[in-house]
Amino acid sequence: MTIAPKAPRKLSMKQRYEALTRDLDWEPSYVSREEMFPYLEFEGIKIHDWSKWEDPFRLTVDAYAKYQAEKDKRLYAVLDGFAQGQGHLSLTDASYLNAMKLFLQGVAPLEYQAHRNFAYLARHLAGPGPRFAALCQSIDEIRHLQTEVHTLSNYNKYYSGFHNYLEMHDRVWYLSVPKSFFDDALAAGPFEFLIAIGFSFEYLLTNLLFVPFMSGASFNGDLPTMTFGFSAQSDESRHMTLGLEAIKFLLEQDEDNVPIVQAWIDKWFWRGYRVTGLVAQMLDYMLPRKVMSWKEAFELYFEQQMMKGLFEDLAFYGIRPPKHVDDAIAEKEILSHQVYWILYQFSHAASFTTSVPDDEHLEWLSKTYPDTFDRYYRPLWEKEKRNIEAGGRHFVRGLPQLCQTCQIPMGFTEPGDPTTICQRESEYNGEKFQFCSDGCQWIFEREPEKYVQAWLPVHQIYQGNCGGPTVPDVLAWYGIQDGDGGEHQGSRDDKNWKQWHEDADHERLGVEA
């Protein structure tokens, strides 16, 4: 009698995940672990047991690929329908595209940088669990870049300023703000990078960007941007959870890790917060139809979710809220107005346009910021209205002083005093450096050797490294074309917007006749 062999038992998804991320690991025999993983000790972090890493999602490769492919099918169906149906005509106004230009130039290239460094972590972390998690996130990030570029490329057919975004990211002055954030993270060690991206970029920045801003895209008729935003946000939720797991893993491994992680949280909170200034002004000024103010978004996603959620959890490990967090909370009333005023004054050297808020917009700002707007910022815009009616338009023709750390022009004010510009100064090796805030000065003074090397656009222009000494020379080096920036009314986008709608109206009337 022959007994048939038993069919192999099918593994559960959890068992397959453990086989991929645990059972395929090995101990090196011809090199030491120190030689195999050479970047894990110089930051001072102590890891005693890599097997304690827990990935809360436990995705296998086949499940991950199927899940992402399904999302891509839905996204590209929306993109195709939008393009074929001349969907750009459904946008509320051409000024909305300014926010999309900032997103393409400032955020999309950061996805590629994240892809590169998570691929680096997938090779150089000693534990198989975090290596596999880093591999999945690396693939996520390159997918985000691709879908963002494919989505926004449709607008490049009709409107200016979407071209040459990668070169602009490397060269243009206002894009040095997000670029310097990631350059800082890429130049750190692997554990600091995990905190910089998993905590600051994912928890702080993308929550404030992808959720309220993509809702704003939908509210302004931009269905493709809303679709890719929420498609990416489902990945960002996983990334945030992995970032939190990385923090807890480091804290649980050794108590000596706690002060190191605390210092990184202090630093990367402020670095990420300064980048969110671009998001703040987009929400309050660049969306024709408002969905949520910066103040509301900050209170919901930072004060409630992070301060009352994340940091209460981390208090168990001895982690306190970030240094300078009180300054950030106090600035929620004024941040967006200060950043937009900076961009307004220098939009002649940008690939987007700016304009004075109309009466309806001013009323919305007054109701949203009742304690500060009418007192400090409405008079500024009323004065600029009179300036324009008299035939003028305020552009700053000189070059601003930049903060050595965040690289934003010095337009922020003293804590508690919105009428006085904040300026801090430190000296290192006989040279003086300027800062926009106590937070940026504190970051510099911890690692001055790093930040004295910062590529500051204004300094580079003065040194003759940006195409030439005149504004047209610099704009040509940036890749910005005539008509990309400046005042919105009468801009190339505004003219194209009106022309496309006029043509569509003629076509519709012809069909009806």
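The values are calculated or read from the model by the stated rules, or taken from the named source; none is laboratory data. Predicted model only: the values in this text are computed from it and were never measured. For neighbour counting, all protein chains shown are included, and Cβ atoms are generated from backbone atoms with ideal geometry for every residue, glycine included. Surface accessibility is based on the protein's heavy atoms, side chains included, excluding ligands, DNA and RNA. Shrake-Rupley method; radii C 1.70, N 1.55, O 1.52, S 1.80 Å.
Data overview
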{"read-out": "Scan of segment 362-385 for residues that are free of Cβ contacts under 8 Å to residues at least 12 places away in the same chain and either charged (D, E, K, R) or farther than 21 Å from F395 by Cα (or both), ordered by number", "value": "E363, K367, P370, D374, R375, E382, K383"}
{"read-out": "Residues that are open to solvent by 10 Å² or more (accessible area, probe 1.4 Å), of a type in the set (A, V, I, L, M), within 25 Å of the chain's Cα centre (by Cα) and within 30 Å of A280 (Cβ to Cβ), drawn from segment 53-101", "value": "V78, L79"}
{"read-out": "Residue check for V458: touching a Leu at 6+ places or on another chain (Cβ under 7 Å) and either open to solvent by 10 Å² or more (accessible area, probe 1.4 Å) or not in a strand (DSSP E or B) (or both)", "value": "yes"}
{"read-out": "Any hit, segment 169-178, residues being among the aromatic types (F, W, Y), open to solvent by 20 Å² or more (accessible area, probe 1.4 Å) and at pLDDT 90 or above", "value": "yes"}
{"read-out": "Hey, E27 open to solvent by 60 Å² or more (accessible area, probe 1.4 Å) and either more than 30 Å from N154 (Cβ to Cβ) or at pLDDT below 90 (or both) or not", "value": "yes"}
{"read-out": "Selection within segment 312-337 - over 18 Å from V275 (Cβ atoms), assigned to a helix (DSSP H, G or I) and open to solvent by 10 Å² or more (accessible area, probe 1.4 Å)", "value": "E312, D313, A315, F316, Y317, D326, A330, E333"}
{"read-out": "Helices (runs of 4 or more DSSP H) fully within segment 189-253 counting 3 or more residues that are at pLDDT 90 or above", "value": "190-195, 223-253"}
{"read-out": "Residue among Q281, Q262 that alone is open to solvent by 10 Å² or more (accessible area, probe 1.4 Å), among the polar types (S, T, N, Q) and either in a helix (DSSP H, G or I) or more than 14 Å from L209 (Cβ to Cβ) (or both)", "value": "Q262"}
{"read-out": "Members of segment 338-388 found to be of a type in the set (S, T, Y), part of a loop (DSSP other than H, G, I, E, B), under 26 Å from R492 (Cα atoms) and open to solvent by less than 20 Å² (accessible area, probe 1.4 Å), listed by number", "value": "S351"}
{"read-out": "Qualifying residue in segment 145-163 (condition: within 17 Å of the chain's Cα centre (by Cα), free of Cβ contacts under 8 Å to residues at least 24 places away in the same chain and more than 21 Å from I408 (Cα to Cα))", "value": "yes"}
{"read-out": "Segment 416-449: number of residues that are assigned to a strand (DSSP E or B) and charged (D, E, K, R)", "value": "6"}
